[in-house]
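The values are calculated or read from the model by the stated rules, or taken from the named source; none is laboratory data. Bear in mind the structure is a predicted one, so any value in this text is a computation, not a measurement. Counting neighbours? That spans all protein chains shown, and the Cβs are built from the backbone with ideal geometry, glycine included. Side chains are part of the model used for accessible areas, which takes the heavy atoms of the whole protein and leaves out ligands, DNA and RNA. Shrake-Rupley method; radii C 1.70, N 1.55, O 1.52, S 1.80 Å.
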Amino acid sequence: MEPRAVRILLRVWAGLVMAFLYVPVALIILYAFNRSNIESWPIAGYSLKWFSVAWHDPDVRSALALSVKAGVAATAIALLLGSAASFAVHRFRFFGREAVSFLLVLPIALPGIVTGIALNSFFAFDGINLSLWTIVVGHATFCIVIVYNNVLARLRRTSGSVIEASMDLGARGWQTMRFVTLPLLRTALVGGALLAFALSFDEVVVTLFTAGAQNTLPLWIYGAIREGQHQPEVNVVVFFVILVTVLPVTIAARIAGTGGISRAAGGRSQAERGAT
(Lines give C-alpha, C1' and ligand atoms only; values in the text may rest on other atoms or scores of the structure.)
Protein backbone atom coordinates (compact mmCIF):
# COMPACT_ATOMS: atom_id res chain seq x y z
CA MET A 1 0.00 0.00 0.00
CA GLU A 2 1.06 3.58 -0.63
CA PRO A 3 2.29 5.63 2.32
CA ARG A 4 -0.28 7.89 3.98
CA ALA A 5 1.48 11.02 2.72
CA VAL A 6 1.22 9.80 -0.89
CA ARG A 7 -2.52 9.18 -0.52
CA ILE A 8 -3.01 12.65 0.92
CA LEU A 9 -1.03 14.25 -1.91
CA LEU A 10 -3.04 12.33 -4.50
CA ARG A 11 -6.30 13.49 -2.93
CA VAL A 12 -5.10 17.10 -2.82
CA TRP A 13 -3.96 16.87 -6.46
CA ALA A 14 -7.30 15.37 -7.51
CA GLY A 15 -9.12 18.15 -5.63
CA LEU A 16 -7.05 20.83 -7.37
CA VAL A 17 -7.73 19.31 -10.79
CA MET A 18 -11.48 19.17 -10.08
CA ALA A 19 -11.42 22.77 -8.85
CA PHE A 20 -9.54 23.87 -11.98
CA LEU A 21 -12.18 22.22 -14.16
CA TYR A 22 -15.38 23.11 -12.34
CA VAL A 23 -14.85 26.38 -10.44
CA PRO A 24 -15.18 28.44 -13.69
CA VAL A 25 -18.40 26.55 -14.50
CA ALA A 26 -19.72 27.26 -11.00
CA LEU A 27 -18.90 30.97 -11.37
CA ILE A 28 -20.82 31.18 -14.67
CA ILE A 29 -23.83 29.56 -12.99
CA LEU A 30 -23.65 32.04 -10.11
CA TYR A 31 -23.34 35.03 -12.48
CA ALA A 32 -26.46 33.84 -14.32
CA PHE A 33 -28.37 34.84 -11.17
CA ASN A 34 -26.50 38.16 -10.77
CA ARG A 35 -28.86 41.08 -10.32
CA SER A 36 -26.42 43.55 -11.88
CA ASN A 37 -25.24 43.61 -15.48
CA ILE A 38 -21.68 44.13 -14.22
CA GLU A 39 -19.69 41.08 -13.23
CA SER A 40 -18.04 41.80 -9.91
CA TRP A 41 -17.13 39.79 -6.86
CA PRO A 42 -18.69 39.34 -4.45
CA ILE A 43 -22.05 39.35 -6.22
CA ALA A 44 -24.16 42.20 -4.86
CA GLY A 45 -27.50 40.42 -5.18
CA TYR A 46 -29.31 37.60 -6.92
CA SER A 47 -32.24 37.77 -9.30
CA LEU A 48 -33.99 35.82 -12.06
CA LYS A 49 -34.55 38.85 -14.28
CA TRP A 50 -31.89 37.89 -16.84
CA PHE A 51 -33.65 34.56 -17.41
CA SER A 52 -36.72 36.48 -18.53
CA VAL A 53 -34.64 38.81 -20.69
CA ALA A 54 -32.87 35.90 -22.37
CA TRP A 55 -36.13 34.00 -22.96
CA HIS A 56 -37.79 37.00 -24.62
CA ASP A 57 -34.78 37.70 -26.85
CA PRO A 58 -35.85 36.60 -30.36
CA ASP A 59 -32.25 35.84 -31.38
CA VAL A 60 -31.81 33.46 -28.45
CA ARG A 61 -35.12 31.72 -29.13
CA SER A 62 -34.40 31.24 -32.83
CA ALA A 63 -30.91 29.94 -32.00
CA LEU A 64 -32.39 27.53 -29.45
CA ALA A 65 -34.93 26.25 -31.98
CA LEU A 66 -32.21 25.69 -34.58
CA SER A 67 -30.00 23.84 -32.07
CA VAL A 68 -32.86 21.54 -31.06
CA LYS A 69 -33.84 20.81 -34.68
CA ALA A 70 -30.25 20.06 -35.67
CA GLY A 71 -29.68 17.91 -32.59
CA VAL A 72 -32.84 15.84 -33.06
CA ALA A 73 -32.23 15.31 -36.79
CA ALA A 74 -28.55 14.43 -36.33
CA THR A 75 -29.45 12.01 -33.53
CA ALA A 76 -32.10 10.30 -35.68
CA ILE A 77 -29.62 9.85 -38.54
CA ALA A 78 -26.97 8.60 -36.12
CA LEU A 79 -29.36 6.03 -34.64
CA LEU A 80 -30.26 4.68 -38.06
CA LEU A 81 -26.81 4.60 -39.64
CA GLY A 82 -24.77 3.93 -36.51
CA SER A 83 -26.84 0.93 -35.42
CA ALA A 84 -26.93 -0.48 -38.97
CA ALA A 85 -23.15 -0.16 -39.26
CA SER A 86 -22.59 -1.82 -35.89
CA PHE A 87 -24.76 -4.78 -36.89
CA ALA A 88 -22.88 -5.16 -40.18
CA VAL A 89 -19.44 -5.03 -38.55
CA HIS A 90 -20.41 -7.37 -35.72
CA ARG A 91 -22.34 -10.06 -37.60
CA PHE A 92 -20.55 -10.33 -40.92
CA ARG A 93 -16.99 -11.21 -41.86
CA PHE A 94 -15.82 -9.46 -45.01
CA PHE A 95 -12.65 -8.09 -46.55
CA GLY A 96 -11.74 -4.69 -45.08
CA ARG A 97 -14.01 -5.01 -42.04
CA GLU A 98 -11.43 -3.53 -39.66
CA ALA A 99 -10.74 -0.69 -42.11
CA VAL A 100 -14.47 0.08 -42.27
CA SER A 101 -14.63 0.11 -38.46
CA PHE A 102 -11.65 2.47 -38.33
CA LEU A 103 -13.20 4.82 -40.90
CA LEU A 104 -16.45 4.91 -38.94
CA VAL A 105 -14.65 5.96 -35.75
CA LEU A 106 -12.22 8.37 -37.46
CA PRO A 107 -14.52 11.47 -37.64
CA ILE A 108 -14.62 11.86 -33.86
CA ALA A 109 -10.82 11.63 -33.67
CA LEU A 110 -10.24 14.29 -36.32
CA PRO A 111 -10.03 17.93 -35.18
CA GLY A 112 -13.36 19.66 -35.65
CA ILE A 113 -11.79 22.34 -37.82
CA VAL A 114 -10.63 19.67 -40.30
CA THR A 115 -14.13 18.19 -40.54
CA GLY A 116 -15.68 21.65 -40.79
CA ILE A 117 -13.39 22.88 -43.57
CA ALA A 118 -13.80 19.62 -45.49
CA LEU A 119 -17.59 19.80 -45.34
CA ASN A 120 -17.62 23.50 -46.20
CA SER A 121 -15.45 22.84 -49.26
CA PHE A 122 -17.68 19.94 -50.30
CA PHE A 123 -20.85 22.03 -50.04
CA ALA A 124 -19.26 24.95 -51.90
CA PHE A 125 -17.96 22.68 -54.67
CA ASP A 126 -21.39 21.11 -55.19
CA GLY A 127 -23.22 24.44 -54.97
CA ILE A 128 -25.16 23.46 -51.84
CA ASN A 129 -26.39 26.42 -49.82
CA LEU A 130 -25.63 26.28 -46.11
CA SER A 131 -28.80 25.55 -44.16
CA LEU A 132 -30.20 23.46 -41.33
CA TRP A 133 -29.47 20.29 -43.29
CA THR A 134 -25.81 21.11 -43.80
CA ILE A 135 -25.55 21.53 -40.02
CA VAL A 136 -27.29 18.17 -39.57
CA VAL A 137 -24.86 16.46 -41.97
CA GLY A 138 -21.89 17.98 -40.13
CA HIS A 139 -23.18 16.89 -36.72
CA ALA A 140 -24.14 13.42 -37.95
CA THR A 141 -20.51 12.71 -38.89
CA PHE A 142 -19.51 12.45 -35.23
CA CYS A 143 -22.90 11.49 -33.73
CA ILE A 144 -22.84 8.27 -35.77
CA VAL A 145 -19.61 7.30 -33.99
CA ILE A 146 -21.27 7.57 -30.57
CA VAL A 147 -24.19 5.32 -31.49
CA TYR A 148 -21.93 2.91 -33.38
CA ASN A 149 -19.59 2.45 -30.40
CA ASN A 150 -22.46 2.02 -27.93
CA VAL A 151 -24.36 -0.53 -29.99
CA LEU A 152 -21.23 -2.44 -31.03
CA ALA A 153 -20.09 -2.71 -27.41
CA ARG A 154 -23.49 -4.08 -26.38
CA LEU A 155 -23.54 -6.56 -29.27
CA ARG A 156 -20.10 -7.86 -28.26
CA ARG A 157 -21.38 -8.44 -24.70
CA THR A 158 -24.54 -10.18 -25.90
CA SER A 159 -24.46 -13.95 -26.31
CA GLY A 160 -25.27 -15.10 -29.82
CA SER A 161 -27.09 -18.10 -28.34
CA VAL A 162 -30.00 -15.84 -27.39
CA ILE A 163 -30.70 -15.01 -31.04
CA GLU A 164 -30.08 -18.61 -32.06
CA ALA A 165 -32.59 -19.77 -29.44
CA SER A 166 -35.17 -17.37 -30.84
CA MET A 167 -34.69 -18.78 -34.33
CA ASP A 168 -34.82 -22.34 -33.01
CA LEU A 169 -38.20 -21.53 -31.49
CA GLY A 170 -39.46 -20.57 -34.95
CA ALA A 171 -39.27 -16.78 -34.77
CA ARG A 172 -38.74 -15.02 -38.08
CA GLY A 173 -36.08 -12.37 -38.60
CA TRP A 174 -38.30 -9.40 -37.79
CA GLN A 175 -39.76 -11.17 -34.76
CA THR A 176 -36.26 -11.85 -33.43
CA MET A 177 -35.35 -8.22 -34.03
CA ARG A 178 -38.48 -6.93 -32.30
CA PHE A 179 -38.72 -9.29 -29.32
CA VAL A 180 -35.08 -10.18 -28.64
CA THR A 181 -32.51 -7.91 -30.29
CA LEU A 182 -34.14 -4.52 -29.65
CA PRO A 183 -34.89 -5.22 -25.96
CA LEU A 184 -31.25 -6.23 -25.52
CA LEU A 185 -30.03 -3.07 -27.25
CA ARG A 186 -32.61 -0.66 -25.85
CA THR A 187 -30.42 0.97 -23.22
CA ALA A 188 -27.44 1.15 -25.59
CA LEU A 189 -29.58 2.93 -28.19
CA VAL A 190 -31.06 5.33 -25.64
CA GLY A 191 -27.67 6.08 -24.13
CA GLY A 192 -26.11 6.61 -27.55
CA ALA A 193 -28.97 8.90 -28.59
CA LEU A 194 -28.65 11.02 -25.44
CA LEU A 195 -24.89 11.38 -25.84
CA ALA A 196 -25.24 12.17 -29.55
CA PHE A 197 -27.83 14.88 -28.85
CA ALA A 198 -25.65 16.41 -26.12
CA LEU A 199 -22.64 16.55 -28.46
CA SER A 200 -24.70 18.03 -31.27
CA PHE A 201 -26.36 20.62 -29.06
CA ASP A 202 -23.11 22.22 -27.87
CA GLU A 203 -21.00 21.74 -31.03
CA VAL A 204 -19.24 24.93 -32.18
CA VAL A 205 -16.36 24.31 -34.59
CA VAL A 206 -18.09 22.11 -37.19
CA THR A 207 -21.23 24.27 -36.95
CA LEU A 208 -19.18 27.39 -37.65
CA PHE A 209 -18.33 26.05 -41.12
CA THR A 210 -21.73 24.53 -41.95
CA ALA A 211 -24.28 27.03 -40.58
CA GLY A 212 -23.72 30.00 -42.86
CA ALA A 213 -25.61 33.06 -41.61
CA GLN A 214 -27.62 31.04 -39.09
CA ASN A 215 -26.85 30.85 -35.39
CA THR A 216 -27.19 27.85 -33.15
CA LEU A 217 -27.14 28.53 -29.42
CA PRO A 218 -23.36 27.91 -29.04
CA LEU A 219 -22.68 30.16 -32.06
CA TRP A 220 -24.86 32.89 -30.52
CA ILE A 221 -22.82 32.61 -27.31
CA TYR A 222 -19.57 32.78 -29.27
CA GLY A 223 -20.70 35.85 -31.22
CA ALA A 224 -21.98 37.68 -28.13
CA ILE A 225 -18.72 37.07 -26.22
CA ARG A 226 -16.60 38.11 -29.19
CA GLU A 227 -18.53 41.37 -29.55
CA GLY A 228 -18.65 41.96 -25.78
CA GLN A 229 -22.44 42.29 -25.74
CA HIS A 230 -25.30 40.79 -23.72
CA GLN A 231 -22.97 39.39 -21.05
CA PRO A 232 -25.74 38.74 -18.47
CA GLU A 233 -27.80 36.97 -21.14
CA VAL A 234 -24.73 34.98 -22.16
CA ASN A 235 -24.35 33.70 -18.60
CA VAL A 236 -27.97 32.56 -18.58
CA VAL A 237 -27.71 30.86 -21.97
CA VAL A 238 -24.44 29.16 -20.95
CA PHE A 239 -26.16 27.91 -17.80
CA PHE A 240 -28.95 26.45 -19.94
CA VAL A 241 -26.48 24.82 -22.34
CA ILE A 242 -24.66 23.26 -19.38
CA LEU A 243 -27.95 21.78 -18.16
CA VAL A 244 -28.92 20.45 -21.58
CA THR A 245 -25.47 18.92 -22.00
CA VAL A 246 -24.99 17.47 -18.52
CA LEU A 247 -28.44 15.95 -18.06
CA PRO A 248 -28.36 13.64 -21.11
CA VAL A 249 -24.80 12.56 -20.30
CA THR A 250 -25.79 11.80 -16.69
CA ILE A 251 -28.86 9.83 -17.75
CA ALA A 252 -26.84 7.94 -20.36
CA ALA A 253 -24.24 7.04 -17.74
CA ARG A 254 -26.95 5.80 -15.36
CA ILE A 255 -28.63 3.55 -17.92
CA ALA A 256 -25.44 2.32 -19.57
CA GLY A 257 -25.09 -0.54 -17.10
CA THR A 258 -28.73 -1.65 -17.22
CA GLY A 259 -30.49 -3.87 -19.72
CA GLY A 260 -28.21 -6.37 -21.44
CA ILE A 261 -28.48 -10.07 -20.88
CA SER A 262 -30.96 -9.63 -18.02
CA ARG A 263 -33.62 -8.92 -20.63
CA ALA A 264 -32.87 -12.05 -22.59
CA ALA A 265 -35.36 -14.28 -20.83
CA GLY A 266 -38.22 -11.85 -21.38
CA GLY A 267 -37.23 -11.32 -25.02
CA ARG A 268 -36.96 -15.06 -25.61
CA SER A 269 -40.40 -15.75 -24.15
CA GLN A 270 -41.90 -12.97 -26.28
CA ALA A 271 -40.25 -14.45 -29.37
CA GLU A 272 -41.73 -17.85 -28.49
CA ARG A 273 -45.21 -16.37 -28.14
CA GLY A 274 -44.76 -14.48 -31.43
CA ALA A 275 -43.67 -17.64 -33.21
CA THR A 276 -46.70 -19.55 -31.96
- Item | Distance (nanometres) between label positions extended 7 Å along Cα→Cβ at Trp133 and Arg226 | 2.7
- Task: Using θ = phi - 60° and the Karplus relation 6.51 cos²θ - 1.76 cosθ + 1.60, list the HN-Hα couplings for the range 65-79 in order, rounded to whole Hz, with x at every Gly or Pro.
- Result: 4, 5, 5, 5, 4, 5, x, 5, 5, 5, 5, 4, 5, 5, 4
- Tell me, how many Å apart are the Cα centres for the range 73-88 and for the range 238-253? 22
- Distance in nm between label sites at Ser62 and Leu182, each 7 Å beyond Cα in the beta-carbon direction? 3.9
- Message: What figure, in Å² to the nearest 10, do you get for the accessible area of Glu233 with a 1.4 Å probe and non-protein molecules left out?
- Response: 20
- Task: Keeping every protein chain in place, order Trp220, Trp41 by accessible area at 1.4 Å, biggest value first, i.e. largest first.
- Result: Trp41, Trp220
- Message: Let me check something: with ligands and nucleic acids excluded, how do Thr141, Thr250, Thr115 order by accessible area (1.4 Å probe), largest to smallest?
- Response: Thr250, Thr141, Thr115
- Item | Surface accessible to a 1.4 Å probe, His56 within the full protein complex, Å² | 120
- Run the quick spin-label model on Val246 and Phe102: label points 7 Å from Cα toward the beta carbon, then report their separation in nm to one decimal. 3.9
- Query: So how much accessible area does Phe92 have, in Å² to the nearest 10, using a 1.4 Å probe?
  - Reply: 120
- Take the Cα of Ala44, step 7 Å along the line toward its Cβ, and report every residue of the range 209-234 whose backbone nitrogen sits under 20 Å from that point. 229-234
- Item | Placed amide H near Asn34: partners under 5 Å, 5+ positions off or other chain | Ser47
